[in-house]
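Asks: This is the structure I want to talk about, given as structure tokens.
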Amino acid sequence: YAMHNLFPRWGAITTLPVCIMHILRSIYTDAHKPPFIMQKTALKYNDESDRALGLAGMAVAITVWDGEDQMVAVNLDSDPGAGLELTPDFFFAGNPRLSARLAWRQMLKQLELASAMLVSNAMCRSYVGQKRALSSQAASMLRAMVHDEAVNVCSLEEDEIEALYGRVSDTCTRLFTHQAVQNLAERLAADMRQRRRMTAAEILDILEPLTR
């Protein structure tokens with residue numbers, strides 16, 4: 001996990017919460033995995049259609065969480081786990097002009113966005129693709145991953161982690177149980193399978209109703 005030079009809470013923050021993106025790459029890749037990743041097969045992509053829905057879910061999340069300016073494209077032909085292309089701004093590396101408090105708040109904001117993308121990937125595939133809620137196993141894995149990163153990245157306390165995860169989970173559940181959002185995700189996934197790579201502008205053209 002590429003997290004270095006992090007000091008608890010108000011310390012000097014020099015790297016971004018990229019761990020969740022590494023987790024996505026580890027879970028959804030077909031490459032050899034260490035044993036602890038093998039336990040996360042409940043979240044592994046089943047096929048290309050499943051992957052397209054997962055990427056569509058992440059695009060929905062980054063739009064709803066007002067992070068669309070950090071999205072470059074989605075690419076269905078990219079390496080597994082690297083289908084969502086993001087700007088360098090997503091990988092926040094700290095700003096020496098910001099106070100430690102403001103830098104930490106920015107880190108927390110990015111952590112919530114990354115967590116929402118992770119949860120949305122799984123929920124979109126489940127609610128839209130499989131027409132059912134997340135399995136208890138998948139939900140537990142997501143909660144555990146967000147918990148670990150919240151501790152490692154932002155040194156959050158248990159009640160703060162529960163609040164963050166609850167906010168993300170509740171919002172994603174409302175999104176992907178809504179028929180209009182399901183229709184948008186299905187359309188985006190279908191276009192993705194046809195075009196293979198879609199720019200942020202093309203994605204937002206489809207997801208524009210979510211920005212109103």
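The values are calculated or read from the model by the stated rules, or taken from the named source; none is laboratory data. Note that the structure is a prediction, hence the values are computed from the model and not measured. Counting neighbours? That spans all protein chains shown, and the Cβs are built from the backbone with ideal geometry, glycine included. Each accessible area value is taken on the protein alone, full model and side chains, heavy atoms only, with ligands, DNA and RNA left out. Shrake-Rupley method; radii C 1.70, N 1.55, O 1.52, S 1.80 Å.
Asks: How about segment 39-66: which of its residues are modelled with pLDDT of 85 or more, outside any helix (DSSP H, G or I) and farther than 21 Å from residue 196 by Cβ?
Replies: Result: 65, 66.
Asks: Output the residues belonging to segment 181-199 that are over 15 Å from residue 123 (Cβ atoms) and open to solvent by less than 50 Å² (accessible area, probe 1.4 Å).
Replies: Residues satisfying the conditions are 190, 191, 192, 198.
Asks: Another question about this same structure. Got a sec? Which helices (runs of 4 or more DSSP H) wholly within segment 104-212 have at least 1 residues that are more than 18 Å from residue 75 (Cβ to Cβ) and within 16 Å of the chain's Cα centre (by Cα)?
Replies: Because the criterion is at least 1 residues that are more than 18 Å from residue 75 (Cβ to Cβ) and within 16 Å of the chain's Cα centre (by Cα), the helices (runs of 4 or more DSSP H) in segment 104-212 that meet it are 136-154, 158-176.
Asks: Could you check segment 131-142 and list, in sequence order, the residues that are buried (at least 18 other Cβ atoms within 10 Å of the Cβ) and free of Cβ contacts under 8 Å to residues at least 40 places away in the same chain?
Replies: Hit for segment 131-142 is 134, nothing else.
Asks: Does at least one position in segment 85-97 carry a residue that is farther than 19 Å from residue 193 by Cβ, among the aliphatic types (A, V, I, L, M) and open to solvent by 10 Å² or more (accessible area, probe 1.4 Å)?
Replies: Of the residues in segment 85-97, the ones farther than 19 Å from residue 193 by Cβ are 86-97.
If we keep only those that are among the aliphatic types (A, V, I, L, M) too, we end up with 86, 93.
Pick out the ones that are also open to solvent by 10 Å² or more (accessible area, probe 1.4 Å) and you get 86, 93.
Yes, that holds for at least one residue.
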